[in-house]
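The values are calculated or read from the model by the stated rules, or taken from the named source; none is laboratory data. Note that the structure is a prediction, hence the values are computed from the model and not measured. Quick reminder, even Gly has a Cβ in these numbers, built from the backbone with ideal geometry, and neighbours come from all protein chains shown. Calculation scope for accessible area: heavy atoms of the full protein, side chains included, ligands and nucleic acids excluded. Shrake-Rupley method; radii C 1.70, N 1.55, O 1.52, S 1.80 Å.
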Amino acid sequence: MKQKVGIVVILLGLVALLFAFKSGFFKSSQDGYADQKLPEVVDYNFHIKPILSDNCYTCHGPDANKRKAGLRLDLEKAALSELPENPGKYAIVAGKPGHSLLYQHVVSDDPKQLMPPPD
């Protein structure tokens, strides 16, 4: 169980970093690249959870009335479960980001597929 939690934390960390890079968090005003250094240790609660909270939890968090697509990312078991609207597909496939629909949506160039949505 601890190994699964570790894998999920690492995967969410990578997703959070992708969100940060895609949103321009690391761009400088001069050349478009990072002026800031990454921390030596990435802390889930301090570095990752706030990014997920700002970008994902509105539609995929604890509020059942706002949740979309039946996907809940704030709970490990729910995040790793088969998607109810898409049998055989998973938002997060532990250890295989290329098979994870969440990863595919975060890095997509298609505005219809991109998560979070451009609007």
So what does Tyr57 come to for accessible area, using a 1.4 Å probe and Å² rounded to 10? 40 Å²
Given a 1.4 Å probe, the accessible area of the stretch 40-119 per residue, as a whole number of Å², is 67 Å²
Hey, rough spin-label estimate for Leu75 and Tyr44, points 7 angstrom out along Cα→Cβ, what's it come to in nanometres? 1.6 nm
Normalising by the residue count of the stretch 46-119, find the relative contact order in percent from Cα pairs under 8 Å and 6+ residues apart. 15 percent
Explain nothing, just compute: Karplus ³J(HN,Hα) = 6.51 cos²θ - 1.76 cosθ + 1.60, θ = phi - 60°, for every residue of the stretch 58-68 in order, whole Hz, x for Gly and Pro. 4, 9, 10, x, x, 7, 4, 6, 9, 5, 10
Residues in the stretch 88-119 reached by a label modelled at Lys68 [backbone nitrogen below 18 Å; 7 Å Cα→Cβ]: 91-92, 101-119
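Going through the cross-link list Lys37/Lys77; Lys37/Lys66; Lys66/Lys96; Lys37/Lys68; Lys37/Lys89; Lys68/Lys89, which pairs have a Cα-Cα distance over 26 Å in this structure? Before the final figure, lay out the partial values.
Values: Lys37/Lys77 33 Å; Lys37/Lys66 35 Å; Lys66/Lys96 28 Å; Lys37/Lys68 35 Å; Lys37/Lys89 36 Å; Lys68/Lys89 16 Å.
Where the Cα-Cα span goes over 26 Å, the pairs concerned are Lys37/Lys77; Lys37/Lys66; Lys66/Lys96; Lys37/Lys68; Lys37/Lys89.
Once neighbouring chains are kept in place and the probe is 1.4 Å, which whole percent of the accessible area of the stretch 75-119 is contributed by carbon and sulfur?
Details: 1680 of 3010 Å².
Here carbon and sulfur together make up 56 percent of the probe-accessible area.
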